[in-house]
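For reference, the structure discussed in these notes is given below.
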Amino acid sequence: MAVLAEIAGDESLPPLPPSEGGEDSGAPSTHSPPDADGEKPSPRTSKPSRKRLVLTASVLLSFLIALPLLLKSTEIHRSPLPSDAIAALSRRLHSNPPSFPCGLHAVFLRSGGVSSEASVANRIERDISTQLVDLPAASTAGNISVSVTVDSAGGCSSSSRVASPWRCGAVTTADLERGDEVFDEWLHSALGGGGGDGMRVYTIVFVDSADGKGLRIVIGKHLHAWVVGKVDEAEVVSIIGKVFVNYFMNGGVEEGEAIVKREFMPVGSDGNIVLSFSLLNADPSDWVYDWEFKKIGERMLIPVIEALRPIANINIESQVLYHTPKSSYSYSDDKLGGNVLSMGDIPFFVNSNEWHLDTSISATGRSKVLQFVVYIPSARECPLYLQLPDGELSKTNAFISPMWGGVVIWNPPGCSLGSKPREILDKMPSQELMETIEIFIGQLRQLFGLKSSYHAQSMDGITKFITSPKGFAQWELDLLYRHHACSNLLSCLTTLESLSSLVQSLPRMIVMDEIGRQQPCFMTGIITTKSDK
């Protein structure tokens, strides 16, 4: 044991293991040994090597080169829009609303000779031009050209400002004896259909007559009217203002009188209209009616559709529905012998839950659908009458809903209080169907901002209106054409303004090149149309 202890005492002690986290004993130490005084060495004062500078510069240069590409890849694409030009055009159109040129031609038919016809024509022309300087704000006519012709037995003389379309000697005072309808066509033939430059020319003919029947003013179905009787020059200007301004320019509808403003024509944005006609049997357990709409209704509506074709492409469809009660209430009136529906209940008449009217297959895209409904009441509410605010019953028993359509309440034959149901299938009489279609045509006129008719009216001294089989006289259609064109211009401008405001309010909104390319085209079209007036 003593020997072992001595041997162990002669051996050196083994090295201590490296501390945790320390370096391998065989690797050289990276730490500088402390100075003799125990202080740390001073920081390095030599510059970095050239390789390190080149590497840093390369990284910085690469970033600067890639920066434009990065910004371009994250850029919001916005095609430039002519916002300033749109705003300027808007101010111009609102300060000077669009209007279209037209001509006014006054013709004086006199049986005897007139001295100094040329001077009379020129004097009357000046008076009329002065009268037409201030047209109503609602008028869409501008740059009115006035001409006057004096046609007498002594010769024919016209004012020199505008070429006259009148064919001298083609019509005489004796032609009045043929009747108003024939005289209307004679005037249309003598006028040759209007101006040769495409400008509409309205003609008012003054027929000198001493038959003692007083003054008669007749408005034809074309672009003219005539006045029969003794009229002095002082009355001429007043009559022309009455006929030309009130009717030819404004359709006989005074401001605030129209049920539907012409600026809101019931035309789809795609230029299409669908006229949907429905026959509603409120309670088929009482009676069931069908109609021959394909045979009678469409035949009566074809001329109307053709007349309105320049405004819209119109399609017609029809249907018969059952179990379609109304939503409003009516009350029984023994004095009238039926049930009465007041005007206050009309807004609740249409039962949108039970009336499945929106079944059109012709309405595609953004077409406008106008509903025209014939409502057949049930036995317990038959006959059903519409009472006007003044207490009188409606002569047509019908009403319209602007931008929606119209409703006609049709009481079947033999319908009375306490009627018993007749469980048979019957047809609506042809004569009553024709009368109903005429009411619908009148409602269509109202939806376009015109009067339903001018029958039995003596407005502003107008004695008679010659009706057209098309449902619209030519001067009424011309009025609708002008208003429709003006409303389209203003609608287009409103759309451009809305788009410009939206793009300016959203800085990160994407604007495609196609939109940017179309804006100048739209503005050029508006400016061209405006400058053609």
Added length on full extension, which subtracts the Cα-Cα distance from 0.36 nm per residue, CYS521 to TYR481: 12.1 nm
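Using a Förster distance of 56 angstrom, determine the FRET efficiency expected from the C-beta separation of GLU497 and SER285, and round it to 0.05. Please report the intermediate quantities before stating the final value.
Values: r = 56 Å, r/R0 = 1.00.
Result of the calculation: an efficiency of 0.50.
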Förster radius 45 Å - calculated FRET efficiency between ASP270 and MET343 (Cβ-Cβ, nearest 0.05): 0.85
Under 5 Å, built H, 5+ apart or other chain: amide partners of ILE314: ILE273
Difference of contour (0.36 nm per residue) and Cα-Cα distance, CYS168 to SER73: 26.6 nm
Environment charge at SER58 (Cβ cut-off 15 Å; Lys +1, Arg +1, Asp -1, Glu -1): +3
Computed label-point distance, nm, for sites SER238 and ASP84 using a 7 Å Cα→Cβ extension: 5.5 nm
Ranked packing of 302-312, 401-411, most packed first, by mean Cβ within 10 Å: 401-411, 302-312
Efficiency of FRET from Cβ geometry, THR396 and ARG299, R₀ 22 Å, rounded to 0.05: 0.55
J(HN,Hα) series, segment 289-297, from Karplus relation 6.51 cos²θ - 1.76 cosθ + 1.60, nearest Hz, glycine and proline x: 10, 10, 8, 9, 5, 4, 7, 9, x
Pairwise label distance in nanometres, TRP186 with LEU336, each label 7 Å out on the Cα-Cβ vector: 4.8 nm
Amide proton proximity set for GLY338, modelled H, under 5 Å, gap of 5+: ASP333
Amide H contacts under 5 Å for PHE108, placed H, 5+ residues apart: THR149, VAL150, ASP151, PHE206
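Under the 0.36 nm per residue contour assumption, what length would be gained going from the current alpha-carbon distance of THR463 and ARG178 to full extension? Write down the numbers at each step before the final one.
Working: separation 285, 0.36 × 285 = 102.60 nm, distance 1.74 nm.
Gain on stretching THR463 to ARG178: 100.9 nm.
Just so you know, all these numbers are worked out from the coordinates, no wet-lab data involved. Just so you know, these numbers come straight off a predicted model, no measurement behind them. Counting neighbours? That spans all protein chains shown, and the Cβs are built from the backbone with ideal geometry, glycine included.
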